[in-house]
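Asker: Structure incoming, see below.
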Amino acid sequence: MTTCPHCPTDNWPELERGYRAMLPEDVLAFIDGNRDREHSESLLIATLHMVQDHFGHLGPGHLEAVAQLMQIPLAKVTGVATFYHYFRLQPRGRFLINVCLGTACYVKGAEKVAQKLMDELGIHFGETSKDGVFSLESTRCVGTCGLAPVVMIGEEVHGPLAPGQVPALLETYLARAAEEMAKV
Ligand code: FES
């Protein structure tokens, strides 16, 4: 019988089934395929990427399942997930705001625009607003430097954008989100 070195109980097979049910097939195959290799941080990062690609974020249950199935302490898995900014620990909001911090945008004041967005939304990069409407992230040159400073919301490019224009821009998307909700 397979036993888990972290569990003094004899019901590991049952627990393992539960954890396996929380992850998609490709992730399970990846974990199983690398079972005999030393679990380096790069392997853990690759696994977390696959989980995030599937679910859009890394929830507490996903982290626990990865920890148990890879037999890595949960504190380490959580530490890696929180250390790297590209991992999202909350579901993405309806609209993803990407602030371009590429050189052209930076010299034209992208930081001030980013700060205004954070102030208005009450969140930082990598977070989602309480109402679930907006997630805030940063990116490098999106290829429209002539419009710097640029903010992308979903697939739409906005620029040049001054901090003072941010509230009205957010209102537009809030109204769109409310319209969508009304149709559901
Ligand atoms: S640097 Fe922002 S669009 Fe190029």
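Asker: Of the conditions (1) more than 16 Å from the ligand (Cβ to nearest atom); (2) part of a helix (DSSP H, G or I), residue 123 satisfies every one except a single condition; which number is it?
Answerer: (2)
Asker: So, residue 49, is that one modelled with pLDDT of 95 or more, within 30 Å of residue 149 (Cβ to Cβ) and outside the structural domain of residue 164 (by TED's automatic domain parsing) or not?
Answerer: yes
Asker: Restricting the search to the range 142-165, which residues are in contact (Cβ under 8 Å) with a residue 24 or more places away in the chain and closer than 26 Å to residue 57 by Cα?
Answerer: 142, 150, 151, 152, 153, 154
Asker: Continuing with this model, one more query. Considering 76, 108, which residue is outside the structural domain of residue 20 (by TED's automatic domain parsing) and basic (Lys, Arg)?
Answerer: 108
Asker: Only residues that are without any contact (Cβ under 8 Å) to a residue 24 or more places away in the chain and buried (at least 19 other Cβ atoms within 10 Å of the Cβ): list them for the range 31-72, please.
Answerer: The answer is 47, 63, 67.
Asker: When the range 137-171 is examined, which residues are found to be in a helix (DSSP H, G or I), within 14 Å of the ligand (Cβ to nearest atom) and surrounded by 13 or more Cβ atoms within 10 Å (Cβ to Cβ)?
Answerer: Across the range 137-171, the qualifying residues are 145, 147.
Asker: Taking only pairs six or more apart or across chains, which ones have beta-carbon atoms under 7 Å, a first residue in the range 130-141 that is in contact (Cβ under 8 Å) with a residue 24 or more places away in the chain and of a type in the set (A, V, I, L, M), and a second residue that is open to solvent by less than 50 Å² (accessible area, probe 1.4 Å) and within 16 Å of the ligand (Cβ to nearest atom)?
Answerer: These pairs meet every condition: 136/97; 136/117.
Asker: Condition (residue is within 14 Å of the chain's Cα centre (by Cα) and either open to solvent by 30 Å² or more (accessible area, probe 1.4 Å) or away from the ligand (no atom under 16 Å from the Cβ) (or both)) applied to the range 101-111: is it met by at least one residue?
Answerer: Checked against the condition, which is being within 14 Å of the chain's Cα centre (by Cα) and either open to solvent by 30 Å² or more (accessible area, probe 1.4 Å) or away from the ligand (no atom under 16 Å from the Cβ) (or both), the range 101-111 yields no hits at all.
The values are calculated or read from the model by the stated rules, or taken from the named source; none is laboratory data. Model, not experiment: these values are computed from the prediction. All Cβ positions, glycine included, derive from the backbone under ideal geometry; neighbour counts span all protein chains shown. The accessibility values were calculated without ligands, DNA or RNA, using every heavy atom of the protein model including side chains. Shrake-Rupley method; radii C 1.70, N 1.55, O 1.52, S 1.80 Å.
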